[in-house]
Amino acid sequence: MGIIAWILIGLLAGAIAKLLLPGKDPGGIIVTMLIGIAGGLLGGWLGKVIFGVESINGFFHLSTWIAAIVGSLILLVLYRLFTGNGGSRRHA
C-alpha cells in the first residue's frame, strides 16, 4: 500500500477510535490522525507478532481495518494516560 492509503486509513481509524473512546483529548484532529497512522502500523505489527498472520493485506481487507482500529485504540488509551484530561493538570 502507498503512503496516501496509509494516511487515509490512519485518518479513518483514528476517527473510529475516537468515536469508540469519546472524551476531550488535547491535540485535536492532527494528533488523532497521527495516532491513527501510528496505530495502523502498531496493529499490523502486533497481528504479525502475536498471531503470526499478515494482518495488513490491502486497503479493502477487513483485517487491515481491524488492525488499524485496534492499534489506534491502544495508542489513544496510552496517549490519554500520559497526557491526562487536559484540565486536570496541576501547576507547581
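The values are calculated or read from the model by the stated rules, or taken from the named source; none is laboratory data. Since the model is a prediction, treat every value here as computed from it, not as a measurement. Backbone-built Cβ (ideal geometry, glycine too); neighbour counts: all protein chains shown. Note: areas computed on protein heavy atoms with side chains; ligands, DNA, RNA excluded. Shrake-Rupley method; radii C 1.70, N 1.55, O 1.52, S 1.80 Å.
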Requested in this report: Within the range 11-32, track down each residue that is within 10 Å of the chain's Cα centre (by Cα) and over 18 Å from Phe82 (Cα atoms).
Outcome: Leu11, Leu12, Ala13, Ala15, Ile16
Report task. Starting from the range 27-53, take each residue that is farther than 12 Å from Ile9 by Cα and list its partners that are open to solvent by 40 Å² or more (accessible area, probe 1.4 Å) and of a type in the set (Asp, Glu), counting only C-beta distances under 7 angstrom and pairs at least six apart or across chains. Result -> Lys48/Glu54
**Report entry** Residue list for the range 58-69, restricted to those being open to solvent by 70 Å² or more (accessible area, probe 1.4 Å) and not in a loop (DSSP other than H, G, I, E, B)
**Finding:** Leu62, Ile66
Query raised in the report: Is there a residue being touching a residue at least 24 places away in the same chain (Cβ under 8 Å), closer than 17 Å to Ser63 by Cβ and not small (Gly, Ala, Ser) anywhere in the range 15-26?
Result: yes
Query raised in the report: Taking Trp6 and the conditions (1) open to solvent by 40 Å² or more (accessible area, probe 1.4 Å); (2) of a type outside the set (D, E, K, R); (3) modelled with pLDDT of 80 or more, which numbered condition does it fall short on, given that it satisfies the others?
Result: (3)
Report summary line: Pairing a residue in the range 66-92 that is farther than 25 Å from Gly43 by Cβ and of a type outside the set (D, E, K, R) with any residue that is surrounded by 12 or more Cβ atoms within 10 Å (Cβ to Cβ) and modelled with pLDDT under 80, where Cβ atoms lie under 7 Å and the two sit 6 or more apart in sequence or on different chains, gives Gly86/Pro26
